[in-house]
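> Sharing a structure here in structure tokens format.
Throughout, read-outs are computed from the coordinates displayed, never taken from laboratory work. Keep in mind the model is a prediction, meaning the values are calculated, not measured. Reconstructed Cβ throughout: ideal geometry from the backbone, glycine too, with neighbour counts over all protein chains shown.
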């Protein structure tokens, strides 16, 4: 799951900034490839977690982290569905120009999803497994989430979000 998150962050960063048409095309391809691999990593993590909980007969979905994870996963799937259809089947949106007009919302929601993913990771520090076995500290994870956002936010191109 952590590697999947890393790939998702990188997939957003690869698009920022792109200037020429060729950079944009290459960025889209790399973005799609990284997102596809990230999806496989997150799916594998989810399956492993569910298998281990079933094997140990532990409770499923009993923490804020679990509920946040489900919400985050659903939002990521919706985000991916919109991104894929805008790129591969713009006719669904009334043509390429109308599909492109939705990109700023796809970008906005992508940054919101990143924040939600990081919050989900931070919430994991309050689960029994992380507290009792891994001993990962809340403050350290929160600091890393903030540092990640500090690294991403300056690369946001405000004009592509509808500002300036």
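> Once the Cα gyration tensor of the stretch 68-114 is found, what semi-axes does its equivalent ellipsoid get, as square roots of 5 times the eigenvalues, in whole Å, sorted largest first?
Numbers: eigenvalues 97, 24, 6 Å².
Largest first, the stretch 68-114 gives 22, 11, 6 Å.
> Using a Förster distance of 25 angstrom, determine the FRET efficiency expected from the C-beta separation of residue 149 and residue 57, and round it to 0.05. Intermediate results must be reported in sequence, preceding the final value.
Working: r = 38 Å, r/R0 = 1.50.
Efficiency computed from Cβ-Cβ geometry: 0.10.
> Still on this structure, please answer the following. Would you mind ranking 63, 2 by Cβ crowding within 10 Å, fewest neighbours first? Mind showing how you got there, number by number?
Details: 63 16, 2 11.
So the residues, fewest neighbours to most, are 2, 63.
> Considering Cα pairs under 8 angstrom that are at least six residues apart, work out the relative contact order of the stretch 2-161 and quote it in whole percent.
Details: 106 pairs, mean separation 36.6, N = 160.
Across the stretch 2-161, relative contact order equals 23 percent.
> Here's something else I'd like to know. Subtracting the Cα-Cα distance from 0.36 nm times the residue separation, let me have the gained length for residue 89 to residue 77 in nm, one decimal.
Numbers: separation 12, 0.36 × 12 = 4.32 nm, distance 1.68 nm.
Here the segment from residue 89 to residue 77 would lengthen by 2.6 nm.
> Additional query: Efficiency by 1/(1 + (r/R0)^6): what FRET value for residue 67 and residue 157, r their Cβ-Cβ distance, R0 = 35 Å, to the nearest 0.05? Write down the numbers at each step before the final one.
Values: r = 33 Å, r/R0 = 0.94.
That gives a FRET efficiency of 0.60.
> Continuing with the same structure: Among [x] 17.3; [y] 15.7; [z] 16.7, which is the computed Kirkwood radius over Cα pairs in Å?
[x]
> In nm, what is the difference between 0.36 nm times the number of residues separating residue 111 and residue 43 and their Cα-Cα distance?
Working: separation 68, 0.36 × 68 = 24.48 nm, distance 2.08 nm.
Between residue 111 and residue 43, full extension yields 22.4 nm more.
> Counting pairs of alpha carbon atoms under 8 Å apart in space and at least six apart in sequence, what relative contact order in percent does the stretch 1-66 give? Mind dumping the intermediate values first?
Numbers: 43 pairs, mean separation 25.6, N = 66.
Contact order relative to length: 39 percent.
> Counting each DSSP H run of 4 or more residues in the chain as -39500 (n - 2.57), what helix-only mean residue ellipticity at 222 nm follows after dividing by all residues, to the nearest 500 deg cm²/dmol? Spell out each step's value before the answer.
Numbers: 5 runs with 117 residues, N = 164.
Mean residue ellipticity, 222 nm, calculated: -25000 deg cm²/dmol.
> Grab the eigenvalues of the alpha-carbon gyration tensor for the stretch 1-67, scale each by 5, take roots, and send me the semi-axes largest first in whole angstrom. Let's see the in-between values first.
Values: eigenvalues 240, 24, 8 Å².
Equivalent ellipsoid of the stretch 1-67: 35, 11, 6 Å, largest first.
> Here's a follow-up. For residue 16 and residue 100, what does the FRET efficiency come to when R0 = 22 Å and r is the distance between their Cβ atoms, rounded to the nearest 0.05?
Details: r = 17 Å, r/R0 = 0.76.
Working from the Cβ atoms, E equals 0.85.
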